[in-house]
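Chemist: Below is one structure. I have some questions about it.
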Amino acid sequence: MNHYSYYPLLIFAALGTGFAVFSVLGAAGLAGPKRYNRAKADAYECGIQPSPHADGGGRVPIKYYLTAMLFIVFDIESVFLYPFAVNFDRMGLFALVEMVLFVITVFVAYAYVWRRGGLEWD
C-alpha cells in the first residue's frame with residue numbers, strides 16, 4: 001500500500017474542515033441578524049412571563065435523562081447493526097453468532113426497561 005491511497009481521505013477531511021469553518025465563521029456572519037433590538041436580545045419565552053427558579057436552577061425530572069439514555073443505547077445498536085448488514089456475506093458464521101448475542105443482550109435491556117415502565121409517559 002503506497003501513500004497515494006490516503007489522498008482521497010485527506011481531501012475528504014480537508015473539505016469537511018473547510019465546510020465546518022465556513023459554516024461557523026462565514027455563513028453565520030452573512031445570514032445572521034444585522035439589527036439588534038431589545039426584543040431580539042430577550043430570551044424566547046412563548047409570551048409567558050418567566051417564573052423565578054429555585055437555587056441551582058430548579059429540579060428537572062429524571063424521566064428526561066432516562067429517555068435520553070434509552071435513545072443512546074438503541075441508537076448505538078443501530079450503529080453496530082448497519083456494518084454487519086452491509087458485510088453479512090463476507091463475515092461468516094462467527095460474525096452471525098456475535099451479532100445474535102449482541103441483539104439478545106440489547107433485547108434483554110429493552111425488556112427490562114419495558115417491564116420497569118421506562119417507556120411509559122406520565
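All of the numbers you see were taken from the coordinates with simple rules; none came from a lab. Note that the coordinates shown come from a computational prediction; the quantities given were computed from them, not determined experimentally. When we count neighbours, we look across all protein chains shown, and the Cβ atoms used for this are built from the backbone with ideal geometry, even at glycine.
Chemist: For each of Y4, Y82, count neighbouring Cβ atoms within 10 Å of the residue's Cβ, then give the residues from fewest to most.
Modeler: By the 10 Å Cβ count, ascending, the order reads Y4, Y82.
Chemist: Which loop chymotrypsin sites (Phe, Trp or Tyr not before Pro) in the stretch 8-37, with loop taken from DSSP, have no more than 13 other Cβ atoms within 10 angstrom of their Cβ?
Modeler: Y36
Chemist: What is the gain in length, in nm to one decimal, between A27 and S5 on full extension, counting 0.36 nm per residue of separation less the C-alpha to C-alpha distance? All intermediate terms of the calculation are to be shown ahead of the outcome.
Modeler: On the way: separation 22, 0.36 × 22 = 7.92 nm, distance 3.27 nm.
Here the segment from A27 to S5 would lengthen by 4.6 nm.
Chemist: Quick check on the exposure proxy: order E98, E120, E77 from fewest to most C-beta atoms within 10 angstrom.
Modeler: Ordered from fewest to most neighbouring Cβ atoms within 10 Å, E98, E120, E77 come out as E120, E98, E77.
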